[in-house]
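What follows is a set of notes on a single structure, which appears directly below.
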Amino acid sequence: MQNSTRMSRRSFLKLTGTTAAGATAAGLAAFGVKAALAAPQKEPKRGQEFPSVCPYCAVGCGQLAMVSDGEIINIEGNPDSPINQGTLCSKGSASFQLVHNERRMTKGMYRAPGSDTWEDMSVDEILDRVAERMIESREKNFVETVDGTTVNRTESLAWLGSACVDNEECYLISKLGRTLGIVYLEHQARI
Ligand code: SF4
């Protein structure tokens, strides 16, 4: 049922597109203007469709990932999703670039304090360094009590979430942050 809905919507778009093109050509001919021939439309890339969910935010829009020869070749809104009915916002529309984008960083970069130069660094090295500094800062600035009240917190660390973080990751981040005594837990969408 859902598939036939999608097909009929596509057929409708095809039909209205053809009708509009015909009407435009007829209108131009009436003014003695020769209609320019449009470049032949390329068939949209189609592969095997896999329903997926946009990873960016909790709206959870449905997507269709098209796969051909083991490669994602396109991602678009899933018309069968009751949430977004085939639409995607600008971020969701660009999610294909999560997979294919020649400008996407594939390595870590580090700029030392006071330096104006970025150096390449492996992601493992960066993660180790972040972990070491978090522990160092926590140990230096841990507050056990305030005015006789136990608080067990550190105010020298903050954790900023991301729109790419899913529910399960949010849960783990909150748990880890609270365990470390971080009180400044925030999300980029609120900034
Ligand atoms: S398409 Fe936009 S609104 Fe929908 S889940 Fe993705 S980010 Fe959220």
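Answer yes if at least one residue in region 98-109 is at pLDDT below 95 and among the β-branched types (Val, Ile, Thr), and no otherwise. Yes, because at least one residue in region 98-109 is at pLDDT below 95 and among the β-branched types (Val, Ile, Thr).
Across region 151-176, the number of residues qualifying as open to solvent by 90 Å² or more (accessible area, probe 1.4 Å), free of Cβ contacts under 8 Å to residues at least 60 places away in the same chain and not in a strand (DSSP E or B) comes to 4.
Of the strands (runs of 3 or more DSSP E) lying entirely inside region 48-119, the ones with 3 or more residues being aliphatic (A, V, I, L, M) and open to solvent by less than 90 Å² (accessible area, probe 1.4 Å) are found at 62-68, 71-77.
Looking at residue 179, is it outside any strand (DSSP E or B) and among the polar types (S, T, N, Q)?
yes
Restricting region 46-94 to residues that are charged (D, E, K, R) and over 20 Å from residue 164 (Cβ atoms) leaves a set whose member that is nearest to the ligand (Cβ to nearest atom) is 80.
The values are calculated or read from the model by the stated rules, or taken from the named source; none is laboratory data. These numbers were taken from a predicted model, which means no experiment stands behind them. Note that each Cβ is placed from the backbone with ideal geometry, even for glycine, and that neighbours are counted across all protein chains shown. Quick note on the areas: whole protein, heavy atoms, side chains included, nothing else; ligands and nucleic acids left out. Shrake-Rupley method; radii C 1.70, N 1.55, O 1.52, S 1.80 Å.
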